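Some notes on the structure that comes next.
The values are calculated or read from the model by the stated rules, or taken from the named source; none is laboratory data. If you're wondering where the values come from, they're calculated on a predicted model, not measured in any experiment. With ideal geometry, Cβ positions are generated from the backbone for all residues, glycine too; neighbour counts draw on all protein chains shown. These accessible areas exclude ligands, DNA and RNA; they are computed on the full protein's heavy atoms, side chains included. Shrake-Rupley method; radii C 1.70, N 1.55, O 1.52, S 1.80 Å.
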Amino acid sequence: ACPVDFVASGMKVYFDSSLYGGYFETEFQLDSRELFRRAKVGWYTVVWSEVIEREISLAPLQVRNLFELYTRSAASEKILITPKVVELANEYLARRIVPERMFNDALHVALATVYEITYLASWDDRHLVDPARILGFQIANVSFGFKPVNIVTPRQLI
């Protein structure tokens with residue numbers, strides 16, 4: 001059971017695509033499954049976007065099924081790409097926080113930022129959960145008038 005005030009906090013967590021795959025990978029399985037368990041019992045709202053839908057559409061069947069289960073039956077919220085999201089993602093590229101080929105990662109961070117999602121959870125320690133990149137995202141966000149974004153691994157949330 002979780003504390004009532006924690007549940008009532010309205011915490012939203014943007015699950016990037018790596019979390020769905022991590023559910024089935026030995027290295028990430030325990031922490032990923034605990035994160036999903038907590039979502040299922042209502043500790044927070046799972047947030048997703050069309051970017052994740054596109055990425056998941058290329059994943060193995062078991063990953064696609066897990067995504068469907070959690071975005072259709074758990075407390076979840078889909079957020080949309082807006083011009084403001086694209087502008088911020090392009091700023092991340094212009095500042096070389098992430099390389100151009102990682103535009104989807106820039107979109108994930110911009111989506112979490114613009115929609116003020118509590119946490120962006122990812123196993124991607126190369127492009128997202130990297131202290132130098134996180135600092136870059138924070139500086140860009142503040143210069144654009146947004147709040148800093150909280151990018152964490154599932155291990156940090158459980």
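Remarks
- Helix-only CD estimate at 222 nm, as mean residue ellipticity for the chain, using -39500 (n - 2.57) per DSSP H run (n ≥ 4): -15000 deg cm²/dmol
- Accessible area of the chain belonging to carbon and sulfur atoms, whole % at 1.4 Å probe: 54 percent
- Extension gain, M11-E50: 0.36 nm per intervening residue step, less the Cα-Cα distance, totals 12.0 nm.
- For the chain, excluding the exposed loop sites themselves (chymotrypsin sites (Phe, Trp or Tyr not before Pro), DSSP loop, at most 15 other Cβ atoms within 10 Å), the longest remaining stretch covers 25-143.
- Charge dipole of the stretch 22-158 about the Cα centre (unit charges at C-beta), most positive-ward option of V152, P60, A106: V152
- By DSSP, the beta bridges lying fully in the stretch 1-136 are antiparallel in about 0 percent of cases.
- Label point at F144 placed 7 Å out along Cα→Cβ; residues across the stretch 67-89 whose backbone nitrogen lies under 13 Å: 81-89
- Note on R101 and V152: the extension gain reaches 16.2 nm, defined as 0.36 nm multiplied by sequence separation minus the Cα-Cα distance.
- Dipole magnitude for the stretch 19-158: computed about the Cα centre from +1 point charges on Lys and Arg Cβ and -1 point charges on Asp and Glu Cβ, it is near 200 debye.
- The chain, accessible area per residue, ligands and nucleic acids excluded (1.4 Å, Å²): 51 Å²
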